Amino acid sequence: RMKNTPEYLQASRNQVLKPTTIQIERELEVLTQIMDNQFRIPVLGWRFGLNAIIDLIPQFGDIITTIVAFYILVSAVRYRVPKITLLRMGLTIAIYFIVGLIPFFGYLFAVWWKPNVRNLHLLRERATVSGEQAKRGRTSDWVFVAVIVGVVVTLFVGSIVLTISIWWYIATHFQFGM
């Protein structure tokens, strides 16, 4: 094709705009599989992972599963994922954490939501460097992710303070048959 024809310019524009296929570390894929899709309910075909089992432990389960989700978020920095995608990944974790605090419904939501699968999908779509090149992230990206992690940790601490406050209020204002 000639370089000045509209067809060539359109084809070259499409090639530039298409994301390249970046190989993600196998460990991240295995971690995601184990945490969100490891087990299958035979008749229904529903899949769940260790997230669903670990989340059964009140508070402690939320902490562990959120730390695993943060690991995938931090890995996205090394792959030089754009900040808007890092924010989407952080929001996925925050939604998972906040809704997961609601008794029973939060547990069912967490099994359905599968934050690690969602975030790995975003990482695959938006990674700009390969696994071999993904040794270091940019400082601004690390600061950005630190803010996201800080917000989710603040939500966690706030949930603990709120839980303690509610239990203290109930214990001091209501007398149960005494």
FRET efficiency for K83 and F60 from the Cβ-Cβ distance with R0 = 35 Å, rounded to 0.05, comes out at 0.65
The stretch 22-140 - Rg and Dmax from Cα coordinates, angstrom = 14.6, 48
Residues in the stretch 60-83 near a label at V143, defined as backbone nitrogen under 15 Å from the 7 Å Cα→Cβ point?
-> 83
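FYI, it's all coordinate maths here, none of it is from the lab. Worth saying up front: this structure is predicted, and the values here are computed from it rather than measured. Cβ atoms come from the backbone with ideal geometry, glycine included; neighbour counts cover every protein chain shown.
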